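Comments concern the structure below.
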Amino acid sequence: MHLKPKFATLAVAFGLSAASMNAFAIFDDNEARRAIIELRQQIQTLEQRIGRLESTSQQGQLTLAQQVTDKDREIARLRGDLEVANNNIRKLQEDSKVLYASLEARIKQLEPKKLELDGQELAVPQEQFADYQAGLDHFKAGNYQQAASQFQSFINKYPKSSLDPQVRYFLGSAQFAQGDYKSALITQRDLAKEYPEHPRAPDALLSMASAQLELKAIPNAKKTLGEIVSKYPGSAAAGSAKTRLDALK
């Protein structure tokens with residue numbers, strides 16, 4: 001059977017068109033597959049990058065958290081060190097106050113004590129004055145034996161003390177009060193001999209004369225009383241010596 005030319009042409013054209021459409025459909029499917037594959041690869045790549053970023057972020061967070069922890073520990077340690085330092089400073093300040101007070105007390109102990117005795121101004125070391133005062137307190141309380149012992153110890157301990165004349169006078173007086181007239185005589189005699197210009201010298205001679213009278217050494221007593229009158233005419237001891245001399249005539 002033969003078709004007409006017109007219909008034959010249309011048939012051919014239709015066939016070619018159908019073949020072309022089938023080829024185009026095949027081409028579009030391949031492109032789509034490639035596009036899908038590429039998209040999947042891109043997605044996979046993005047997922048991998050996201051995973052790496054998340055891992056890095058987590059590691060960074062862990063590192064940051066560790067750094068913060070380390071800093072907190074360092075701050076805590078520094079605070080502890082600061083507290084220890086502050087405690088040491090407070091202790092040092094307290095120790096310094098105690099040391100300063102102790103040094104000040106020791107300096108005051110070393111500073112001479114200024115006093116006036118027998119019309120004379122003296123500067124006496126604190127230790128010497130304390131020992132002298134201890135003997136004087138015994139003497140005033142009537143503890144003559146303890147007083148004599150204290151004064152004798154003072155003379156041995158401080159042989160060149162400015163208080164030596166007073167100490168010797170009260171030593172002789174304590175000896176006299178105990179009835180040890182011979183020792184009293186010697187003590188007062190040595191005082192008057194070593195310190196003839198001292199205010200205690202006339203009184204020492206008067207006490208010496210009293211000891212001589214107790215020992216029944218009347219001529220010696222008169223001689224001592226006369227010495228007082230001649231050497232120290234304006235003294236109170238000279239007036240007492242005149243009265244005794246008159247009594248011994």
Might you check whether a residue that is within 37 Å of the chain's Cα centre (by Cα), at pLDDT 75 or above and surrounded by 10 or more Cβ atoms within 10 Å (Cβ to Cβ) occurs anywhere in region 49-71?
yes
- Query: Quick check: anything in region 203-215 surrounded by fewer than 19 Cβ atoms within 10 Å (Cβ to Cβ) and at positive phi?
  - Reply: no
Exercise for review: Report yes if ASP137 is under 37 Å from the mean Cα position of the chain (by Cα) and either within 20 Å of ALA201 (Cβ to Cβ) or of a type outside the set (Lys, Arg) (or both), otherwise no.
Suggested key: yes
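Just checking, does region 174-189 include any residue being in contact with a Lys or Arg (Cβ under 9 Å, 6 or more places away or on another chain), in the same structural domain as LEU117 (by TED's automatic domain parsing), closer than 19 Å to LEU117 by Cβ and in a helix (DSSP H, G or I)?
There is at least one residue in region 174-189 that is in contact with a Lys or Arg (Cβ under 9 Å, 6 or more places away or on another chain), in the same structural domain as LEU117 (by TED's automatic domain parsing), closer than 19 Å to LEU117 by Cβ and in a helix (DSSP H, G or I).
Please find, within region 210-234, the residue that is nearest to ALA177 (Cα to Cα) out of those that are assigned to a loop (DSSP other than H, G, I, E, B) and at pLDDT 95 or above. Give the derivation first.
First pass over region 210-234, keeping only residues assigned to a loop (DSSP other than H, G, I, E, B): 215-217, 232-234.
Among the residues that remain, those that are also at pLDDT 95 or above are: 215-217, 232-233.
Numbers: LEU215: 14, LYS216: 17, ALA217: 18, TYR232: 25, PRO233: 27 Å.
Among them, the one singled out is LEU215.
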Checklist entry - Do we find that GLN93 is more than 14 Å from the chain's Cα centre (by Cα) and of a type outside the set (Gly, Ala, Ser) in this structure? => result no
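In this structure, is SER162 in contact with a helix residue (DSSP H, G or I) (Cβ under 6 Å, 6 or more places away or on another chain) and either part of a helix (DSSP H, G or I) or under 27 Å from GLY234 (Cβ atoms) (or both)?
Details: in contact with a helix residue (DSSP H, G or I) (Cβ under 6 Å, 6 or more places away or on another chain): no; either part of a helix (DSSP H, G or I) or under 27 Å from GLY234 (Cβ atoms) (or both): yes.
Taking the combined requirement at face value, the residue does not satisfy it.
Yes/no matrix, rows are residues, columns are (1) in contact with a helix residue (DSSP H, G or I) (Cβ under 9 Å, 6 or more places away or on another chain); (2) under 17 Å from PHE151 (Cβ atoms); (3) free of Cβ contacts under 8 Å to residues at least 12 places away in the same chain:
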| residue | (1), (2), (3) |
| --- | --- |
| ARG189 | yes, yes, no |
| PRO196 | yes, no, no |
| LEU215 | yes, no, no |
| ASN220 | yes, no, yes |
| ALA236 | yes, no, no |
| SER240 | yes, no, no |
| ARG244 | yes, no, no |
All conditions in (1) touching a Ser or Thr at 6+ places or on another chain (Cβ under 8 Å); (2) part of a helix (DSSP H, G or I) are true of LEU122 except (2)
The condition of being modelled with pLDDT of 95 or more, touching a helix residue (DSSP H, G or I) at 6+ places or on another chain (Cβ under 6 Å) and among the charged types (D, E, K, R) holds, among ASP203, ASP180, only for ASP203
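The values are calculated or read from the model by the stated rules, or taken from the named source; none is laboratory data. Note that the structure is a prediction, hence the values are computed from the model and not measured. No Cβ is skipped: glycine too gets one built from the backbone with ideal geometry, and neighbour counts run over all protein chains shown.
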